[in-house]
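**Student:** My questions will all concern the structure given below.
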Amino acid sequence: MMTRDDLDTFLKELLRPQDFADYGPNGLQIEGSQQIERIAFAVSATAHSATIAAERYAQALIVHHGLFWKFHGPKTLTGPFARRVFPLVRNNISLFAYHLPLDAHPDVGNAACLGRNIGLVEQQPFGDYQRCPTGIKGIFAEPLSAAALRDRLAAMLQHPVLFATPDEHALVRSAGIITGGANRDWPLALQEGLDAYITGEMSEHDWHESQEAGLHMYAGGHNATERFGIQALMERVRSAFDVECFFIPSDNPA
């Protein structure tokens with residue numbers, strides 16, 4: 001058995017939230033039981049993940065997307081938001097959320113894990129949000145065509161990949177990755193001389209502008225590109241504390 005405070009300290013030391021200017025609070029968002037025997041992990045704190053965590057008797061839920069965001073402003077505990085909060089509060093479940101710190105971490109981060117899974121080596125910090133890196137960049141040990149990289153991503157993510165390219169037969173030797181909703185950051189890859197940019201979402205104008213600029217851009221789904229980091233964090237917590245952990249998948253296609 002571990003304590004909530006032990007888990008809180010471990011996550012803070014590993015993910016270093018103080019280094020990031022984020023869109024909302026990182027760390028403990030709902031204070032539950034002090035004693036922890038079972039931990040649930042999910043990409044997002046939703047009514048579904050909160051309910052499953054309660055049904056499986058977890059004492060903590062750790063997510064990438066938490067409940068509180070600056071752009072949402074104050075929220076009342078009614079309607080959909082209440083359905084996210086009440087299962088946690090009623091069952092004394094602590095909620096921990098780590099957003100940009102989990103995106104950017106060089107080992108258990110979303111971008112780093114996705115990069116390793118598709119063969120991106122010599123990884124370095126990449127991205128710039130309020131002077132903080134939010135992803136990674138690297139090279140492929142064996143360059144592949146732009147179309148082949150799309151297929152590799154689709155197979156790894158098990159999700160359709162939006163693909164903008166000036167030439168699908170051109171070789172891709174390097175890429176930058178910022179997972180989730182970082183479609184506006186593709187110019188950073190261009191500025192650093194990278195061949196490709198991988199993220200979760202793509203707007204209509206990104207599709208045109210990125211390929212017109214000579215960059216291969218890939219969008220594999222916000223949720224799909226951010227499953228790997230939270231699961232890597234789960235394995236790190238399981239190893240450190242020898243505590244029961246389980247992942248709650250989402251069928252979110254976005």
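**Student:** For segment 121-141: of the residues being at pLDDT below 95 and of a type outside the set (Ser, Thr, Tyr), which is nearest to the chain's Cα centre (by Cα)?
**Tutor:** Pro133
**Student:** For segment 80-91, how many residues meet the condition of being surrounded by fewer than 14 Cβ atoms within 10 Å (Cβ to Cβ) and closer than 29 Å to Gln35 by Cβ?
**Tutor:** Qualifying residue count for the region: 1.
**Student:** Could I ask something else about it? What number of residues within segment 3-60 satisfy the criterion of being at pLDDT below 95 and touching a Phe, Trp or Tyr at 6+ places or on another chain (Cβ under 6 Å)?
**Tutor:** Of the residues in that region, 2 qualify.
**Student:** If you scan segment 106-149, which residues turn out to be in contact (Cβ under 8 Å) with a residue 60 or more places away in the chain, of a type outside the set (A, V, I, L, M), in contact with a Leu (Cβ under 9 Å, 6 or more places away or on another chain) and crowded, with 16+ Cβ neighbours inside 10 Å?
**Tutor:** Matches in segment 106-149: Gly109, Asn110, Phe126, Gly127, Tyr129, Cys132.
**Student:** Can you tell me which residue in segment 174-214 is surrounded by the most Cβ atoms within 10 Å (Cβ to Cβ), limited to those that are among the charged types (D, E, K, R) and over 17 Å from Ser145 (Cα atoms)?
**Tutor:** Across segment 174-214, the extreme among qualifying residues is Asp206.
**Student:** Would you check which residues across segment 198-254 are of a type in the set (Asp, Glu) and more than 12 Å from the chain's Cα centre (by Cα) and list them?
**Tutor:** Listed by number, the residues that qualify are Glu201, Glu204, Asp206, Glu209, Glu212, Glu235, Asp242, Glu244, Asp251.
**Student:** Which ones in segment 60-97 are touching a residue at least 40 places away in the same chain (Cβ under 8 Å) and β-branched (Val, Ile, Thr)?
**Tutor:** Matches in segment 60-97: Ile62, Val63, Val85, Val89, Ile93.
**Student:** Could you please let me know if Leu7 is assigned by TED's automatic domain parsing to the domain that holds Arg236, in a helix (DSSP H, G or I) and either surrounded by 18 or more Cβ atoms within 10 Å (Cβ to Cβ) or charged (D, E, K, R) (or both)?
**Tutor:** Taking the combined requirement at face value, the residue satisfies it.
**Student:** Taking segment 215-226 as the region of interest, how many residues are part of a helix (DSSP H, G or I) and either among the polar types (S, T, N, Q) or surrounded by fewer than 24 Cβ atoms within 10 Å (Cβ to Cβ) (or both)?
**Tutor:** 3
**Student:** Separate question: Identify all residues within segment 36-79 that are surrounded by 18 or more Cβ atoms within 10 Å (Cβ to Cβ) and of a type in the set (Phe, Trp, Tyr); write none if there are none.
**Tutor:** Hit for segment 36-79 is Phe41, nothing else.
**Student:** Which residue is nearest to Pro80 (Cα to Cα), if the candidates are limited to segment 35-63 and must be out of contact with any strand residue (DSSP E or B) (no Cβ under 6 Å at 6 or more places or on another chain) and among the small types (Gly, Ala, Ser)?
**Tutor:** Within segment 35-63, the match that is nearest to Pro80 (Cα to Cα) is Ala47.
**Student:** Among the residues of segment 62-109, count how many are among the basic types (Lys, Arg) and either out of contact with any Phe, Trp or Tyr (no Cβ under 6 Å at 6 or more places or on another chain) or at pLDDT 95 or above (or both).
**Tutor:** 3
The values are calculated or read from the model by the stated rules, or taken from the named source; none is laboratory data. It should be emphasised that the depicted structure is a prediction, and the values quoted were computed from it without experimental measurement. FYI the Cβ positions are ideal-geometry reconstructions off the backbone, even for glycines, and counts take in every protein chain you see.
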